[in-house]
Every structure is written in structure tokens, then in C-alpha cells.
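Chemist: Pasting a structure below so you can have a look.
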Amino acid sequence: MSWKIWSLKKSPWVFHVNTGACNNCDIEIVNLLTPKFDVERFGIKLVGSPRHADALLVTGVVTRQAAPRLQEVYRQTSKPCVVFAIGACACDKGIFHNGYHVVGPVDKIIKEIDPNAIIAYVPGCPPKPEAMISGVVKALSTL
Ligand code: SF4
């Protein structure tokens, strides 16, 4: 096991990206990071730069404006980087699937620049913090 996979499993540092979410998924992510759930005990830590991140927490449908920015953020992460599509919108465009401004979902936009990208899906509108913790644990256990 490479040092990168080891550190990803033991202490995944995450960077949060909003690509056009309604903000509910983002509020649940903030909830996840509060002392109530205390995910830092698992080594999960929010970082301020994608260059320091092992994983991306992506919310939203991916609007036309956000798509190149999401790709640029992904390019800046060290690889392998697990991309978590958080919420129904990020997983499959959700209730905005017919929107004129929507070019997502997240996996399509990421795989345009990295066909081998690791994508994990946490559905829900919005998903609860417990679902996000479960999704992170399941995704990292498969690495
Ligand atoms: S999945 Fe639901 S809560 Fe999350 S951004 Fe979409 S509409 Fe908002």
C-alpha cells in the first residue's frame, strides 16, 4: 500500500466545493464538521486548499460556470483523490436535471479530465451527516 493510500485511509483531509448547490447540503457538511459528530477523531479534517486535500466533498448540480472551476480544483489535488458527490444534485442532478444551466453531474465533469477518477456517491436531499460518515468509511475501505 502506498503512503498516499495509507494516509487517505487513516486521515482523509477534505476540501469542500459548491458547484451550484442550494446550500442545504453545505449546511449538512458544516454540521458534519462540528463537535457534535467530531469527525476529527477519524482524522477527517477540512482544509483551505485543494493542494492539501485527499478528498473533495462536492455539492450541487455543476453549473456551466462551475464546471471548469471544479475541474481546476480537482487538477490541484494530489492523486489519488476521492471525489465525494454529496447529495442528489451532485450524484445525478436531482430536481434540477432539466435546468438550462446544468452541465453535471459531478462524475461526468471529473471523468472528462480523469477517466480513472475515484467517485463515491452519498445520495439524499440533503444527506444527513451520518450518511456522509458512512459513505466516507465505505469508500475508503474499498481502496
Ligand atoms: S441535493 Fe437537495 S439539499 Fe442538496 S443541493 Fe440539491 S436540492 Fe439542495
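The values are calculated or read from the model by the stated rules, or taken from the named source; none is laboratory data. The structure displayed is predicted, hence computed values, not measured ones. When we count neighbours, we look across all protein chains shown, and the Cβ atoms used for this are built from the backbone with ideal geometry, even at glycine. SASA here: full protein model, heavy atoms, side chains in, ligands and nucleic acids out. Shrake-Rupley method; radii C 1.70, N 1.55, O 1.52, S 1.80 Å.
Chemist: Setting aside same-chain residues fewer than 8 positions from residue 45, which lysines have a Cα under 20 Å from its Cα?
Modeler: 4, 9, 10, 36, 79, 128, 138
Chemist: May I pose another question? Just to confirm my numbers, what's the Cα centroid distance between the range 36-80 and the range 3-31 in Å?
Modeler: Measuring centre to centre over Cα atoms gives 5 Å.
Chemist: For the range 42-143, what does the accessible surface come to per residue with a 1.4 Å probe? Please give it in Å². Don't jump to the answer; show the numbers that get you there.
Modeler: Working: 4920 Å² over 102 residues.
Accessible surface, normalised per residue, equals 48 Å².
Chemist: In whole percent, what relative contact order does the chain give with Cα contacts below 8 Å and a gap of six or more residues?
Modeler: 26 percent
Chemist: Continuing with this model, one more query. Per-residue counts of other Cβ atoms within 10 Å, averaged by peptide: what ranking do you get for 84-91, 18-25, 30-37, highest first?
Modeler: In decreasing order of mean packing, 84-91, 18-25, 30-37 become 84-91, 18-25, 30-37.
Chemist: Count charges around residue 137 for me, please; just the other residues with Cβ under 12 Å from its Cβ, Lys/Arg as +1, Asp/Glu as -1.
Modeler: Here the charged neighbours net out to +1.
Chemist: Could you order the peptides 59-71, 121-133 from most to least packed, using the average number of other C-beta atoms within 10 Å per residue?
Modeler: Ranked by mean Cβ neighbours within 10 Å, highest first: 59-71, 121-133.
Chemist: Could you please report the charge total around residue 78, scoring K, R as +1 and D, E as -1 over all other residues with beta-carbon less than 12 angstrom from its beta-carbon? Intermediate results must be reported in sequence, preceding the final value.
Modeler: Values: positive: 4, 51, 75, 79; negative: 54.
Here the count lands on +3.
Chemist: Please give me the summed charge of the neighbours of residue 62: other residues whose Cβ is under 9 Å from its Cβ, Lys and Arg +1, Asp and Glu -1.
Modeler: Here the charged neighbours net out to +3.
Chemist: Something else about it: Out of every Cα pair in the range 1-88, what percent are spaced more than 16 Å from each other?
Modeler: Here the tail beyond 16 Å accounts for 54 percent of pairs.
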